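Structure first, commentary second.
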Amino acid sequence: MSIHKIGILTAGGDCPGLNAVVRAVSKNALGHGIEVLGFKNGFDGLVRNEFINITDETVSNILTQGGTILGSSNIANPFKYTLPPFGTPQDPKDLSSVVMHNFKENQLDALITVGGDGTLHMSQQFVDLGMPIVAVPKTIDNDLCSTDQTFGFDSALAIATEAIDRLHTTAQSHHRVMIVETMGRYAGWIALRSAIAGGGDIVLVPEIPYNDEVIVNHILERRRKGKTFSIVVAAEGAKNEAGEQAVTRTVAGSTDPIRLGGIAYKLSQMIEDKTGIESRACVLGHTQRGGTPTAFDRWLSTLYGAKAMDMILEGKFGYMASLHAFKMEEVKIADAIAQLKRVDPQGPEVRAALEVGMSFGSTQIG
Ligand code: F6P
C-alpha cells in the first residue's frame, strides 16, 4: 500500500515531548513526500474536521517546546461524545462514524495517535472499525505496559525530584515535615522514583496501602535520632489500608472521570495533629506536565515519532511504537492496554528504597 497522506493527533493530558514527536513524525513523512494533517485537540479534531497542514515550517523549532502545537483534550471521546453542540454529559453521542467519514473525506492513508491509556483504548476501537492506526505511548504517569518507558515521564520525574531537593532546605531550616504530592493516577512511578532520586524519607504509592501510625512512628523515630525534619512523598493515588483515596473532582465525559488529589493536605493535618511537628503540604500538580522536555524525553520522543512513521510505511497498523532495552520495537495496541503497569511491591525498586531507609508507611512492607 502506498502512503500519500497521514493524520496525526495528540490526545489526553499533555506532557513535555509531544511536540518532539509531532516534529519527528512530520519530518520523516515530509522527507518521503507524504502530506501530514495535524488534527486539533485530540480526537475532537477528527470529529469537527479541524486540522492544520503541517509543513517543514510548522515543525521548525518545536523540539524543545512543552505542550503541543496541535492542542489536546482528555474529554473528547468520539464513542461517548459530550461536547457541544453535538453531545452533552447527560446525553453522550457515538460520533465514531463521523470520525470514520472525516478520515475518508480527507483521503488519509493512516493516522498516528499520540496518547496514554484512554487514547490507546479509543485507538483500538477505531482499529476494530478498520482505521489504519499507529500509536505512540505518552504519559507522565509511565503506567503503560508493553513499553519500558513512556515519553513525558522523565521530565515529570526531573520536576518532582527538583521539588524534593528544594523542599529539603526549607524543611531543614524550619524543622518541619513537608509532604510533597506527585501526580501519576493509579501508579506510583513518579512518587517512587522521585523519592529515591531526591532522598525522601517516606513514600506513599497506590500499590502499597499506608497506615497513619506507621508514618507517624517513622517521623518520630527520625526525631529521636536527631533528624529534625522529614520529607514525605505522596502519590496522588496513594491509598490507606481502608482503600480510601483523595479525590479532588470528577470530570464528566472523560475516559477516566476521577481526578485524584489533595492527599498532601490530609496527611499534613494528620501528621501535625499526631506528632505536634509543624507540617506543610506542597502539591506539584500540573507543573509536572509543563515546560521543556528533558534531554532523555527529547531523545525518546524523537525515536518514537520516527519509528511510528516507519511503522506506517511498513503497514504495521494496530501497533504501538515501544521502547525495549533502549531499542525501538512494535507491540499490538491491544496488548499495551491489556493492563496498567504499576509498581511491584516485591520488586527491586521498592527493595532498594527500603534498603536506604525509606518507609512506605506500610504495616506489610518494611
Ligand atoms: O494522566 C496524566 C495526569 O496528569 C495524571 O497524572 C493526573 O491524575 C491527571 O492527568 C490530571 O488530569 P487533568 O489535567 O484533567 O487535571
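Do we have Ala11 as under 17 Å from the mean Cα position of the chain (by Cα) and in contact (Cβ under 8 Å) with a residue 12 or more places away in the chain here? Explain how you work it out, then say what you get.
Details: under 17 Å from the mean Cα position of the chain (by Cα): yes; in contact (Cβ under 8 Å) with a residue 12 or more places away in the chain: yes.
So Ala11 fits the description; yes.
So if I check each of Leu354, Leu323, Leu340, which one is open to solvent by less than 50 Å² (accessible area, probe 1.4 Å), at negative phi and at pLDDT 95 or above? It would help to see each step written out before you state the result.
On the way: Leu354 fails: open to solvent by less than 50 Å² (accessible area, probe 1.4 Å); Leu340 fails: open to solvent by less than 50 Å² (accessible area, probe 1.4 Å).
Only one candidate passes the filter, namely Leu323.
Among the candidates Asp109, Asp143, Asp117, Asp154, which residue alone is open to solvent by 10 Å² or more (accessible area, probe 1.4 Å), within 16 Å of the ligand (Cβ to nearest atom), in contact with a strand residue (DSSP E or B) (Cβ under 7 Å, 6 or more places away or on another chain) and not polar (S, T, N, Q)?
Details: Asp109 fails: within 16 Å of the ligand (Cβ to nearest atom); Asp143 fails: open to solvent by 10 Å² or more (accessible area, probe 1.4 Å); Asp154 fails: in contact with a strand residue (DSSP E or B) (Cβ under 7 Å, 6 or more places away or on another chain).
Being open to solvent by 10 Å² or more (accessible area, probe 1.4 Å), within 16 Å of the ligand (Cβ to nearest atom), in contact with a strand residue (DSSP E or B) (Cβ under 7 Å, 6 or more places away or on another chain) and not polar (S, T, N, Q) holds for just one of Asp109, Asp143, Asp117, Asp154, which is Asp117.
Evaluate the following for Val47: is it within 22 Å of Phe126 (Cα to Cα), at pLDDT 95 or above and out of contact with any Leu (no Cβ under 6 Å at 6 or more places or on another chain)?
Details: within 22 Å of Phe126 (Cα to Cα): yes; at pLDDT 95 or above: yes; out of contact with any Leu (no Cβ under 6 Å at 6 or more places or on another chain): no.
No, not satisfied.
Could you say which residue among Arg298, Arg289, Arg280, Arg222 is among the basic types (Lys, Arg), within 16 Å of the ligand (Cβ to nearest atom) and at negative phi?
Step by step, each of Arg298, Arg289, Arg280, Arg222 is checked, and only Arg289 is among the basic types (Lys, Arg), within 16 Å of the ligand (Cβ to nearest atom) and at negative phi.
Run down Thr64, Thr88, Thr113 and say which single residue is part of a loop (DSSP other than H, G, I, E, B) and closer than 17 Å to Thr302 by Cα.
On the way: Thr88 fails: closer than 17 Å to Thr302 by Cα; Thr113 fails: part of a loop (DSSP other than H, G, I, E, B).
The conditions single out Thr64.
Give the residues of segment 233-247 that are within 16 Å of the ligand (Cβ to nearest atom), open to solvent by 30 Å² or more (accessible area, probe 1.4 Å) and more than 18 Å from the chain's Cα centre (by Cα), sorted by residue number.
Start the filter on segment 233-247 by keeping residues that are within 16 Å of the ligand (Cβ to nearest atom), which leaves 233-239, 245-247.
Checking which are open to solvent by 30 Å² or more (accessible area, probe 1.4 Å) leaves us with 239, 245, 247.
Correct list: Lys239, Gln245.
Glu272 fails exactly one of the following numbered conditions: (1) more than 16 Å from the ligand (Cβ to nearest atom); (2) more than 22 Å from Gly116 (Cα to Cα); (3) open to solvent by less than 30 Å² (accessible area, probe 1.4 Å). What is the number of that condition?
Glu272 satisfies every listed condition except (3).
Looking at (1) surrounded by fewer than 21 Cβ atoms within 10 Å (Cβ to Cβ); (2) in a strand (DSSP E or B), which one does Glu213 not meet, given that it meets all the others?
Result: Glu213 passes all but (2).
The values are calculated or read from the model by the stated rules, or taken from the named source; none is laboratory data. Only a predicted model underlies this, so the values are computations on that prediction, with no experimental measurement involved. Note that each Cβ is placed from the backbone with ideal geometry, even for glycine, and that neighbours are counted across all protein chains shown. Surface accessibility is based on the protein's heavy atoms, side chains included, excluding ligands, DNA and RNA. Shrake-Rupley method; radii C 1.70, N 1.55, O 1.52, S 1.80 Å.
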